[in-house]
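The values are calculated or read from the model by the stated rules, or taken from the named source; none is laboratory data. From a predicted model like this one, the values you see are computed outputs, not experimental measurements. A quick note on method: Cβ atoms are made from the backbone with ideal geometry, for glycine too, and the neighbour counts reach across all protein chains shown.
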Amino acid sequence: MVRAIADAEEVYYLSNGKYTVDVGELSIDWPETPSDVTGNDANKDYVFSWGYCSLNTPSVSQRVICGVSESGDSGSQIKYGRVLQHSGGDYAGMQRCSAYNTKAHDICKAESGLRAATNGVDDYYW
């Protein structure tokens, strides 16, 4: 899901010179219709039965993040994301896994190939 949204964001950027938080402007199909959409012009959260996807685009941290939670909200135990290519900063174009419990840390370590979180706490970038 993250890759498809991020790739669609990059195509949108090439055509428009900016990213968008409106998925209606992207060439992508959701696996299900969001049950809720919250946010503003800088950040939108699309809530699903399995978790959420957040588009943070006009800010410094232009990224796409999807999180899995038991309750289908933004209180997830693990998040996977990608910092968009043209966002600037040290992590531009990198993938991100954020872990909030031991099992999630194990998954992030396996996915990233890293032994410890990049920021020393809960975010793995590669």
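Miscellaneous remarks
- Against the numbered list (1) surrounded by 15 or more Cβ atoms within 10 Å (Cβ to Cβ); (2) part of a loop (DSSP other than H, G, I, E, B); (3) modelled with pLDDT of 90 or more, SER76 comes up short only at (3).
- Identity of the residue in segment 29-44, surrounded by 15 or more Cβ atoms within 10 Å (Cβ to Cβ) and closer than 21 Å to MET94 by Cα, that ends up modelled with the highest pLDDT: LYS44
- Selection of segment 20-63 for residues being among the charged types (D, E, K, R) and farther than 16 Å from ALA6 by Cα yields GLU32, ASP36, ASP41.
- Qualifying residue in segment 10-19 (condition: free of Cβ contacts under 8 Å to residues at least 40 places away in the same chain, surrounded by 10 or more Cβ atoms within 10 Å (Cβ to Cβ) and in a strand (DSSP E or B)): no
- Subset of segment 26-55 (residues that are closer than 21 Å to TYR12 by Cα, in contact with a Pro (Cβ under 7 Å, 6 or more places away or on another chain) and of a type in the set (Val, Ile, Thr)): none
- In segment 95-121, residue surrounded by the most Cβ atoms within 10 Å (Cβ to Cβ) [restricted to those that are basic (Lys, Arg) and in a helix (DSSP H, G or I)]: LYS109
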